[in-house]
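These notes are about the structure you will find just below.
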Amino acid sequence: LSAGAFRPADALADSLGTLAMLATAAAACWWLGSPRRLRKLAVALAAVHLVVQFDAMLQYMGLDSHRWAFQYGVERIRPFASLGNPNHLGGHFAALLPWAAGLFLAAGSVLARAATLGLALGWAVVVLVAQTRGAWIAAAAGPAWLGWRWWVEDRRGVESRRAWLLGLGIAAAAAGALAIMWNPDLAIRVGSLFHPEFGQVAKRYSSLRAGMLAWRERPLAGLGPGCFIHAYGRHMARAIPEGEERQFVHTFSEGFAHCEPVQLLVETGVAGTGLFLWLLCAGWRAARRHADRRVGRALEACAVALAVQGLTNFPLHVAPTAFLFALGLGLVATTRLVAPATAGPIRLAAAGAVALAVGTLAAASFTASLYTRLGYDYRNAGRWYESARWYEQSMKIDWHDRREAFYAASMRFQSGAKAESIPLFEAEIRRNPYFMDSFANLGAVLGSLKDVAGAERNLLRAIELNPAYADAYANLAVARLEQKRVREAFDLFSKALALEPENALAKNGLESARAKLGGGAR
């Protein structure tokens, strides 16, 4: 599938991530054979996620002083803890919550019940304040499935915890009410679950539509793992919903469909989707036959939560959540459905060669990501020249494109080295031919260097890819002014302002065009 991909480098990177996930599942299967190790793992998971939970609540209360917190370090704004995004945080804990609920149902002593009850409540609060609506639904679906399965199989056990379950419900309702009283925005967000505005889902709708258009082109093997970003850029113009253009003013080629089944179908086609569904069905059957019934039921519930979250987001593309998925596969395989093979010298040599190759690629990619991070930090500090140097260093060793060429070019332009930015923008266009920002920025650079024809050509391509691109219309209008085509410039500036009323270039340009028209210019 990777060999025939639209961009083999992207496909290889995504495929290595999938192989790493399966390797994690295999390692978990072989290592988690004893109850003692399972207990160690459970304690480690709980401890790590308590730290993440604490970090998230510090952010939500406005007490986070980390430099990477940005606007989310402000009080009552959606937290993201160490996961980088509120959607990632909410979806991660939604997938983990059924496990905490399973621990509570399985707890024997009063102390264990109280501890696991607190764990479940704390993680539920994190899901709530992350304000991720898909995660809210997933967080309800997973424990509901778990409760139903336990009720069917062990009604007496559930009834014996009736008081605790009632207490859990009251505590959850009270915590939710207090959270909404402290932050009324939560109530608005909850209400939008039942009366959503189309604008709130317009970008997801366009992603799905663009994805299906791309899948029709390659239905059997797909565009290639990791290549959805190119599918979206290519079909975005056709996918924008009518009347919602202002939602897409600054949208570029997104890497995720916000729906795991659709992304899987687009990137791997019917063949890859069928393989993945087979893996899921095998894991589901193993969970139902699990030697420890309680563990199996909790894993089922976690899978339900992950599946529900995957309908509106991309949990399997978020490394910590993908790890939970792989860990679950490993746990269900501890029933010895997979027998450890005897490794001979040829197998060991082959495994070593693969590990060396993958390790080298991973090390290069990781180092490139560090350089990219330094470029980002210098960019935030306004030190354009140093930022460009780090992005260019990242380009040299990053075999999987992170758009470093685009950022390096932008930093060169910001530092005043306009001519030096041109080959970098062109390099990014070769790597990402449907990334509209590259065309728009290259057009702006060429326009500033009085290459009007080159500017027009690239700006028109940016508008072709994204008909809602306000900055591209404004820069094209500037080019029209250079050619004394004032009426056309006036119309283009007006178009840019209709899409983005606060666009400064369009505002100033419109006044200039209006003055020239008043003076008799055409």
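The values are calculated or read from the model by the stated rules, or taken from the named source; none is laboratory data. Not measured: the values here are computed from a predicted model. Don't worry about glycine lacking a Cβ; one is built from the backbone with ideal geometry, like all the others, and counts go over all protein chains shown. Ligands, DNA and RNA are stripped out before the accessible areas are found, and what is left, the full protein with its side chains, is counted by its heavy atoms. Shrake-Rupley method; radii C 1.70, N 1.55, O 1.52, S 1.80 Å.
Got a sec to turn the phi values of the range 373-388 into Karplus ³J(HN,Hα) couplings, 6.51 cos²θ - 1.76 cosθ + 1.60 with θ = phi - 60°, whole Hz, x for Gly and Pro?
Values, residue by residue: 5, 5, x, 5, 5, 5, 5, 4, 7, x, 9, 5, 5, 5, 4, 4 Hz.
For Rg/Rh (Cα atoms, Kirkwood Rh), the choices are (1) 0.99; (2) 1.02; (3) 0.96; which was calculated from the structure?
Checked against the structure: label (2).
Which loop GluC sites (Glu not before Pro) in the range 135-224, with loop taken from DSSP, have no more than 11 other Cβ atoms within 10 angstrom of their Cβ?
When the GluC sites (Glu not before Pro) of the range 135-224 are filtered for loop state and at most 11 Cβ neighbours within 10 Å, 197 remain.
My understanding is that a pair violates if its Cα-Cα distance is over 24 Å; which of 203/495; 203/396; 396/450; 450/507; 203/418 do that in this structure?
Result: 203/396; 396/450; 203/418 exceed 24 Å.
Give me the extension gain from residue 188 to residue 217: residue separation times 0.36 nm, minus the current Cα-Cα distance, reported in nm with one decimal.
Extra length from residue 188 to residue 217 when fully extended: 6.4 nm.
Give me the net charge of residue 150's neighbourhood, meaning all other residues with Cβ under 9 Å from the Cβ of residue 150; Lys, Arg count +1, Asp, Glu -1.
Net local charge, residue 150 excluded: +2.
Whenever you get a sec, compute what percent of the accessible area on the range 136-290 sits on carbon and sulfur atoms (1.4 Å probe).
Using a 1.4 Å probe with all protein chains present, the range 136-290 comes out at 66 percent carbon and sulfur.
Rounded to the nearest whole Å², what accessible area per residue is found for the chain with the 1.4 Å probe?
Roughly 49 Å² per residue, with all protein chains present.
Taking the Cα centre of the chain as the origin and placing charges on Cβ (Lys, Arg +1; Asp, Glu -1), which of 411, 44, 57 is farthest toward the positive end of the dipole?
In the chain, that residue is 44.
Determine the share of the range 356-425's accessible area contributed by carbon and sulfur atoms, expressed in whole percent, with a 1.4 angstrom probe.
60 percent
What does the charge add up to near residue 99, with Lys and Arg as +1, Asp and Glu as -1, over the other residues with Cβ less than 12 Å from its Cβ?
+1
May I ask for the net charge around residue 415, where only other residues with Cβ less than 14 Å from the Cβ of residue 415 are counted and Lys, Arg are +1 while Asp, Glu are -1?
+2
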